[in-house]
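Below: one structure, written as structure tokens.
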């Protein structure tokens with residue numbers, strides 16, 4: 001049954017090949033491939049829930065020599081989010097690119113991006129992680145270019161250069177690990193790595209490369225132009241999934257491989273950068289004049305919240321309390337993924353109808369596009385952290401961990417960040433619900449509006465009322481690299 005681990009990677013890869021060979025059928029191949037990928041992930045998730053963490057050595061080669069695939073609670077949660085978001089975005093993209101000359105290019109690159117994401121979440125070897133991280137970055141960069149404007153090309157070029165720099169730093173760290181320990185298998189490394197110069201330099205390089213890709217302040221400057229100028233389906237995936245892949249790897253490194261190496265001081269530095277990101281990103285989102293630019297800066301802030309958990313986790317001892325805090329981090333990441341993808345898809349609908357995304361000129365949006373306005377409002381609830389969204393429960397646990405550890409510095413950051421999120425969300429809704437003709441006359445509900453609503457409902461209701469499933473799955477995660 002462990003052979004199931006192959007299919008979340010193989011299905012989108014084969015679909016990408018088919019879309020390349022039959023470009024006229026690329027839309028149907030892309031939607032079908034995404035659907036089958038979701039089915040494969042559901043089967044893997046079911047097996048992990050029933051049996052615990054599972055692994056597979058491809059070709060019969062033992063880990064260290066061959067490619068090892070591993071799935072546990074954490075990787076399954078990330079896979080489920082990526083496939084559900086991908087499915088919704090694929091349905092939206094089937095309309096968005098229906099008349100575009102770049103339709104076939106989008107679907108091939110889109111399926112390759114899904115392939116890279118799934119392979120990354122399932123990889124149990126550091127070099128394979130580097131390969132999948134590179135494929136993910138290159139696919140994302142070319143997708144960001146599909147906007148076709150000079151601004152999108154310039155933003156994608158900056159994204160490419162910084163992404164390659166981050167990948168190079170990660171690769172050098174991987175090389176140091178191999179030179180020092182003779183293996184790149186994560187399960188073996190978790191038991192072998194000890195505090196010392198090799199481990200410290202490798203961790204610093206790998207973390208630095210991943211911080212560029214996760215757009216943590218002050219390395220965030222590439223994200224707003226890249227995300228805001230890309231086509232709406234691409235923006236949704238970049239913000240919801242690609243940034244989360246880097247965070248996922250940081251969690252694996254800091255909580256698994258280098259758990260004995262990480263110090264409270266190092267964790268505090270990441271937390272401080274996260275705190276600045278929360279405040280700066282929220283303030284920039286409040287000042288933004290364009291809808292997609294506001295969403296992009298909001299992503300900078302939301303990523304900052306995730307890094308606030310790092311010093312708290314470092315201060316908590318192994319046990320239930322730490323598992324609950326980690327579950328809250330994962331829940332917040334999942335909620336942001338669904339909410340932000342909904343936000344960008346809704347922004348795409350507005351841009352296609354109005355021809356622009358200038359916030360001050362969106363009067364009448366709620367009347368002309370009530371379903372889209374509803375999706376924006378629901379996504380805003382999740383981004384602020386209001387009940388019953390999953391982010392409300394996650395932030396509540398974040399505050400609880402602050403009180404348990406006595407790290408009071410994070411209280412004002414959380415409070416001010418939440419107030420600013422409320423301010424930029426209600427500023428947007430104020431314009432959207434104001435009278436005006438910014439987006440023209442009323443329209444019937446279009447197929448492209450439904451994905452945003454479903455994603456927003458998932459962030460606010462599904463993850464809110466069924467958040468306990470996240471906390472139940474996270475302990476299945478083997479922090480030591482995949483052993484159940």
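The values are calculated or read from the model by the stated rules, or taken from the named source; none is laboratory data. Only a predicted model underlies this, so the values are computations on that prediction, with no experimental measurement involved. So basically every Cβ, Gly included, is an ideal-geometry build from the backbone, and we count neighbours across all protein chains shown.
Against the test of being at pLDDT 80 or above and under 12 Å from residue 379 (Cβ atoms), the options 456, 423 yield a single qualifying residue, 456.
When the stretch 172-184 is filtered for residues that are out of contact with any helix residue (DSSP H, G or I) (no Cβ under 7 Å at 6 or more places or on another chain) and assigned to a helix (DSSP H, G or I), the ones remaining, listed by number, are 175, 178, 179.
When 9, 41, 31 are screened for being closer than 17 Å to residue 469 by Cα, part of a helix (DSSP H, G or I) and modelled with pLDDT of 85 or more, only 41 passes. Can you name the residue in the stretch 188-206 that is in contact (Cβ under 8 Å) with a residue 60 or more places away in the chain and surrounded by 15 or more Cβ atoms within 10 Å (Cβ to Cβ) and, of all such residues, is farthest from residue 55 (Cα to Cα)? So, considering only residues that are in contact (Cβ under 8 Å) with a residue 60 or more places away in the chain and surrounded by 15 or more Cβ atoms within 10 Å (Cβ to Cβ), the one farthest from residue 55 (Cα to Cα) is 200.
Residue-level check: of (1) touching a strand residue (DSSP E or B) at 6+ places or on another chain (Cβ under 8 Å); (2) crowded, with 24+ Cβ neighbours inside 10 Å, residue 295 misses just (1).
From the list 169, 187, 119, which residue is out of contact with any helix residue (DSSP H, G or I) (no Cβ under 8 Å at 6 or more places or on another chain) and within 24 Å of residue 78 (Cβ to Cβ)? None of the others qualify; the one that does is 187.
In summary, helices (runs of 4 or more DSSP H) completely within the stretch 335-415 and bearing 2 or more residues that are without any contact (Cβ under 8 Å) to a residue 40 or more places away in the chain and either assigned by TED's automatic domain parsing to the domain that holds residue 464 or surrounded by 18 or more Cβ atoms within 10 Å (Cβ to Cβ) (or both) occur at 390-405. Against the numbered list (1) at pLDDT below 85; (2) in contact with a strand residue (DSSP E or B) (Cβ under 7 Å, 6 or more places away or on another chain); (3) surrounded by 15 or more Cβ atoms within 10 Å (Cβ to Cβ), residue 3 comes up short only at (3).
Those helices (runs of 4 or more DSSP H) of the stretch 201-299 in which at least 2 residues are modelled with pLDDT of 85 or more, considering only elements entirely within it, cover 232-237, 243-252, 264-287.
The test for being closer than 20 Å to residue 392 by Cβ, part of a helix (DSSP H, G or I) and modelled with pLDDT under 90 holds for residue 324. If I ask for residues that are at pLDDT 75 or above, surrounded by fewer than 20 Cβ atoms within 10 Å (Cβ to Cβ) and part of a helix (DSSP H, G or I), which ones from the stretch 463-484 would you list? 465, 468, 469, 471, 472, listed by residue number. For the stretch 130-138, the criterion of being touching a residue at least 12 places away in the same chain (Cβ under 8 Å), in a helix (DSSP H, G or I) and in contact with a strand residue (DSSP E or B) (Cβ under 8 Å, 6 or more places away or on another chain) is met by at least one residue. One residue is enough: does the stretch 45-59 have a residue meeting the conditions assigned by TED's automatic domain parsing to the domain that holds residue 116, touching a strand residue (DSSP E or B) at 6+ places or on another chain (Cβ under 9 Å), without any contact (Cβ under 8 Å) to a residue 24 or more places away in the chain and on the phi > 0 side of the Ramachandran plot? Checking the stretch 45-59: at least one residue is assigned by TED's automatic domain parsing to the domain that holds residue 116, touching a strand residue (DSSP E or B) at 6+ places or on another chain (Cβ under 9 Å), without any contact (Cβ under 8 Å) to a residue 24 or more places away in the chain and on the phi > 0 side of the Ramachandran plot. A single entry from 358, 322, 353, 367 fulfils the requirement of being in contact with a strand residue (DSSP E or B) (Cβ under 9 Å, 6 or more places away or on another chain) and on the phi < 0 side of the Ramachandran plot: 358.
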